């Protein structure tokens with residue numbers, strides 16, 4: 001796993017702390033309508049969040065219903081190997097009315113998640129579909145603790161079964177930090193290619209003509225599907241059945257041609273920097289840089305000069321700051337027309 005990337009246990013611990021914080025805020029009834037919407041969004045992010053919210057609210061309710069704390073006997077010294085049993089309450093304690101509103105608030109949030117998201121049971125049975133819009137980047141923690149970062153204008157379907165963790169990347173770009181589980185392989189189906197991992201960190205980008213797989217840590221197996229999006233892929237005897245990728249390795253699987261065993265050495269952490277809001281480019285065309293910036297922003301960059309669009313550059317930029325990229329182009333342009341060759345189209349205000 002990535003250095004600094006939390007594992008499944010750490011993610012669950014963080015989710016438990018967040019659930020406790022939400023519980024306190026809900027109990028005190030101090031959330032605005034906007035903050036209640038944020039609570040629902042937090043629940044939607046991951047089945048781990050739902051599970052921890054249910055667990056901590058049930059624990060809180062059990063403590064609230066405990067009959068009489070003063071009836072507990074004082075602790076007395078006992079040998080280390082002796083456990084004293086306390087007598088159970090003779091009858092269930094009455095539920096405290098002050099928790100009724102809290103229970104309704106949690107139930108309402110879960111109900112919205114079930115109705116809007118299809119329910120977490122669907123995650124196991126039929127699967128759930130996640131879509132992102134222009135300039136929207138999402139992060140999800142899955143039921144097993146694996147993490148998925150979803151780039152703008154992407155769509156994927158998540159389905160977990162007893163023996164397989166399946167992700168169908170229907171379009172776009174996603175990064176996966178996979179929790180180790182040898183009994184349930186983690187498989188990403190990207191149309192013309194499938195990627196299988198046990199515990200690793202990797203990027204998959206599905207473009208109209210190809211699928212690019214980049215490994216940050218660990219190892220994955222990449223297999224070409226028999227059919228692409230628009231027809232059959234030739235399968236001569238020289239085509240490898242699968243290609244194994246390790247850290248800082250990348251392969252491009254074409255949609256309409258046989259996959260080769262050519263593996264490229266890359267700076268994988270730099271390529272995955274988009275998950276933290278940075279765009280890193282090494283010898284990329286200005287046109288490709290603009291395409292990436294435009295995915296992450298409502299304001300759209302336009303290149304008016306074809307020669308400038310074909311120019312190759314390297315650099316690191318904040319994905320949410322297209323102005324800095326335009327300033328970079330203006331500062332490094334050798335043409336007097338450089339200031340007029342790039343424009344930023346702002347979205348219409350609503």
For this session: May I ask you to list the residues in region 37-48 that are modelled with pLDDT of 80 or more and within 13 Å of residue 14 (Cβ to Cβ)?
Result: 42
Exercise. Mind checking which residues of region 292-312 are in a helix (DSSP H, G or I), touching a strand residue (DSSP E or B) at 6+ places or on another chain (Cβ under 9 Å) and surrounded by fewer than 14 Cβ atoms within 10 Å (Cβ to Cβ)?
Worked result: 310
For this session: State all residues of region 129-150 that are in a strand (DSSP E or B) and either modelled with pLDDT of 85 or more or surrounded by fewer than 15 Cβ atoms within 10 Å (Cβ to Cβ) (or both); if no residue qualifies, say none.
Result: 129, 130, 131, 138, 139, 140, 147, 148, 149, 150
Problem set entry | Top-ranked residue in region 188-206 [being assigned to a loop (DSSP other than H, G, I, E, B) and more than 17 Å from residue 160 (Cβ to Cβ); ranked as farthest from the chain's Cα centre (by Cα)] | 192
Problem set entry | Candidates 252, 239, 233, 290, filtered to the one that is modelled with pLDDT of 90 or more, at negative phi and not assigned by TED's automatic domain parsing to the domain that holds residue 325 | 252
For this session: Search region 1-22 for residues that are over 19 Å from residue 41 (Cα atoms) and pair each with any residue that is at pLDDT 65 or above and assigned to a helix (DSSP H, G or I) when their beta-carbon atoms are under 9 Å apart and the residues are at least 6 apart or on different chains.
Result: 2/269; 2/272; 6/13; 6/14; 8/48
Problem set entry | Flag for residue 251 being in a strand (DSSP E or B) and under 20 Å from residue 210 (Cα atoms) | yes
Exercise. Only one of (1) farther than 29 Å from residue 141 by Cβ; (2) modelled with pLDDT of 90 or more fails for residue 257. Which number is that?
Worked result: (2)
For this session: Evaluate the following for residue 342: is it modelled with pLDDT of 90 or more and surrounded by 12 or more Cβ atoms within 10 Å (Cβ to Cβ)?
Result: no
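The values are calculated or read from the model by the stated rules, or taken from the named source; none is laboratory data. These numbers come from a predicted model, not from an experiment. Positions of Cβ are generated from backbone atoms using ideal geometry, with glycine treated the same way; all protein chains shown enter the neighbour counts.
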